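Participant: If you scroll down you'll find the structure; I have some questions about it.
The values are calculated or read from the model by the stated rules, or taken from the named source; none is laboratory data. Because the structure is predicted, anything quoted here is derived from the model rather than measured. Cβ atoms come from the backbone with ideal geometry, glycine included; neighbour counts cover every protein chain shown.
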Amino acid sequence: MVKRLVAQELVLSFVPDPEQRLWRTVTRRKYQLTRDKVRFQNQLESLLEQAHIKLSSLVSDLLGLSARRMLQGLAEGETDPAALAGLADHRLRAQPAQLRDALGACAHLHPVYRRLLQMALEELKLLEEQIEKLDREAAELLQAHRETIQRLAEVPGLGVSSAVQIIAEVGPEAEAFESAKGTSSWVAVCPGSNETAGEAHSTTSPKGNRNMRRLLNQAAQAAVKAEGSIFEITFRKFLSSGMGYKEAIWAIAHRLYRLIWLLLRRRAQYRERGPAVSAKSRRTRAARMIKELRKLGYRVEGGPLPASTVA
């Protein structure tokens, strides 16, 4: 091994510098807390089921504003189902009569359940505060790369949060990877090549950076739902050619990551190639990204991003 290393026949593993490792620590901790929040929602639903409160059958998001107001009223001792139902937003699809029926058990709910619910809401508040602090911490650490974050966030399937995590994993310019092929191999977002005597035995992707694989899988799932985007069109072509859903999603993830590498290395700006993307949808997406960036403390100016290259 030493001889091969001296002969420069070995490719060393990618080890980020201390600053980038700090970025990873913050973004990965945020992901862990986000998973805890999802687990917490399942536990909250179980608690409500034990208390015979059927709110989850009518409200899609138990952690949304309407559900949270009703749960807070329930925890504070409200016993009138109509009063609790009145706390819901008028845009909620569930009818007031349905909500009153789902909350009917509150009239004789045991005080222990109310105290447990109050504890759960306090735990939720703490989780959200920690996630928000980590968001601000990551934004401060990556303040110098805010333009790169904006460029990545414009790609269908991505957003500000995904862009921050990607930069934390591969670097602001992906300088450790000389080619898109090399970085795809490192992430392991490319098909495997288990072949013997000219016969392919498996095309399962090898193990790679699992955080990037997770991000790309989620981004691909969202990108193919962006109506009129090039990713949606390509995904439909894959399906019509006989490719399975999982294989097609992974192929989109591969293309998506090669695009990300181009945006990082060439400092290019993304331009949608799909035929059915309207000006209204672009404005809506831009407004959403600007809102997210300003929430993190970035200063966003009007006009197009400065970029010499378009990808």
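Participant: In the range 149-174, what residues are surrounded by fewer than 22 Cβ atoms within 10 Å (Cβ to Cβ) and free of Cβ contacts under 8 Å to residues at least 60 places away in the same chain?
Facilitator: Of everything in the range 149-174, just one residue is surrounded by fewer than 22 Cβ atoms within 10 Å (Cβ to Cβ) and free of Cβ contacts under 8 Å to residues at least 60 places away in the same chain, namely S162.
Participant: Let me ask something additional. With respect to A174, determine if the residue is closer than 22 Å to A188 by Cβ, out of contact with any Cys (no Cβ under 9 Å at 6 or more places or on another chain) and of a type in the set (A, V, I, L, M).
Facilitator: Numbers: closer than 22 Å to A188 by Cβ: yes; out of contact with any Cys (no Cβ under 9 Å at 6 or more places or on another chain): yes; of a type in the set (A, V, I, L, M): yes.
For A174, the condition - closer than 22 Å to A188 by Cβ, out of contact with any Cys (no Cβ under 9 Å at 6 or more places or on another chain) and of a type in the set (A, V, I, L, M) - is met.
Participant: Pairs under 8 Å by beta carbon, first residue free of Cβ contacts under 8 Å to residues at least 60 places away in the same chain in the range 121-148, partner part of a helix (DSSP H, G or I), six or more apart or different chains?
Facilitator: L121/R68; L121/L71; L121/Q72; L121/A75; H145/I167
Participant: Give just the number: which of (1) outside any loop (DSSP other than H, G, I, E, B); (2) within 24 Å of S179 (Cβ to Cβ) does K237 not satisfy?
Facilitator: Of (1) outside any loop (DSSP other than H, G, I, E, B); (2) within 24 Å of S179 (Cβ to Cβ), only one is false for K237: (2).
Participant: Of all residues being part of a helix (DSSP H, G or I), surrounded by fewer than 19 Cβ atoms within 10 Å (Cβ to Cβ) and of a type outside the set (S, T, N, Q) in the range 203-229, which is modelled with the lowest pLDDT? Just the residue, please.
Facilitator: Taking the candidates together, the pick is R210.
Participant: Within the set of pairs 6+ apart or on separate chains, which have a first residue in the range 229-243 that is farther than 13 Å from L256 by Cβ, a second that is among the charged types (D, E, K, R) and surrounded by 15 or more Cβ atoms within 10 Å (Cβ to Cβ), and C-beta atoms under 7 Å apart?
Facilitator: none
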